[in-house]
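Please read the structure below before turning to the comments.
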């Protein structure tokens, strides 16, 4: 038997009897997948780990609290033998052979009639790996191959095009704060499957270079104080391409619902009857301060943090922010889109009781190769922005947490 490779096959175990002998660590690892496959699982073991016992208590498996006995495998379709009794394992294996039950043995793979592959899952695809030479008995080698394939499918570096008809629609993907490695696994995979990508200035631009040449990329950049593509035009483009039957990714910086106007796009798509998937992203309000060595909360210093949009000055009648109340808070204040208004913001906060000496940090181009941090106080931040030529995008942090960590964080790898 050892001279021939194993024949790979997928077992459909729904409603079919599977017998597991032994309730130890091997059973604990294998049982969840058997339950997920819909198998009718019978566990035969005098003892079990707490996790296995919990599965029995929940009714997911049936547990006979005794050692293996002849006849336990008579009605089984598949058996997993994993007891610590070598003699019982041998007898059970022989019974499985007599009843033509495919049998896995954890203690002696050579005496088994089936091997358990290293498996992984990614969006409806199951990857199962069996090596065909002597290394097939090295689970670390097999698992490493499995991990490499699954990771490639998840992060989009291994793209398998769909050849069947896909359901057209839009994925609203949060790209994170700028570093392409900080997009979510799902977001990166959807980018790899897209026909059209509509992106803006704050999206992780480095990811666009990885797209296939046949992917249409549309620049919907809303550059601060520069030309922009109207939101209505973006909505119309999303709807138009989706109606053409294409898979569309709307790539946005940070998280789509944190000052990203993402819900406006979701509403427009819903009104047009276009299905939309929302993929959250890492918000720059937390990640950029962290990349600069600033925790937005810290024990004994800040028990809360507040995120505010600064794109409208405090004295503008359109502002919806209660700046006087913010001045009274003792936690951390994080301001996004506030480079142009920070002078007015600082004056307002001081006027309503915030200390002029409150520490302030401005982090420009956070998490990217161009990241830089500029420190000031609330009294000096307006002039500091001008003298240091701080440009958007920049995240502004106000509070004692600014002085907790080192003034500079580790450089981006």
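The values are calculated or read from the model by the stated rules, or taken from the named source; none is laboratory data. Here the structure is a predicted model, which is why all the values come from computation and not from measurement. Cβ sites come from the backbone with ideal geometry, for glycine too, and all protein chains shown count toward neighbours.
Tabulated results
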read-out	value
Which listed residue, of 104, 41, 127, is at pLDDT 95 or above, in the same structural domain as residue 141 (by TED's automatic domain parsing) and assigned to a strand (DSSP E or B)	41
Lone unmet requirement of (1) within 13 Å of residue 395 (Cα to Cα); (2) out of contact with any strand residue (DSSP E or B) (no Cβ under 9 Å at 6 or more places or on another chain) for residue 337	(2)
Flag if residue 239 is touching a residue at least 24 places away in the same chain (Cβ under 8 Å), part of a loop (DSSP other than H, G, I, E, B), over 19 Å from the mean Cα position of the chain (by Cα) and over 26 Å from residue 364 (Cβ atoms)	no
Strands (runs of 3 or more DSSP E) within the range 309-413 that include 1 or more residues more than 30 Å from residue 205 (Cβ to Cβ)	359-364, 372-377
Matching entry among 5, 50, 32 (being assigned by TED's automatic domain parsing to the domain that holds residue 119 and exposed (fewer than 12 other Cβ atoms within 10 Å of the Cβ))	50
Test: residue in the range 75-83 that is in contact with a helix residue (DSSP H, G or I) (Cβ under 9 Å, 6 or more places away or on another chain), within 20 Å of residue 112 (Cα to Cα) and surrounded by fewer than 21 Cβ atoms within 10 Å (Cβ to Cβ)	no
Residue within the range 264-286 that is farther than 22 Å from residue 174 by Cα and in contact with a strand residue (DSSP E or B) (Cβ under 8 Å, 6 or more places away or on another chain) present	no
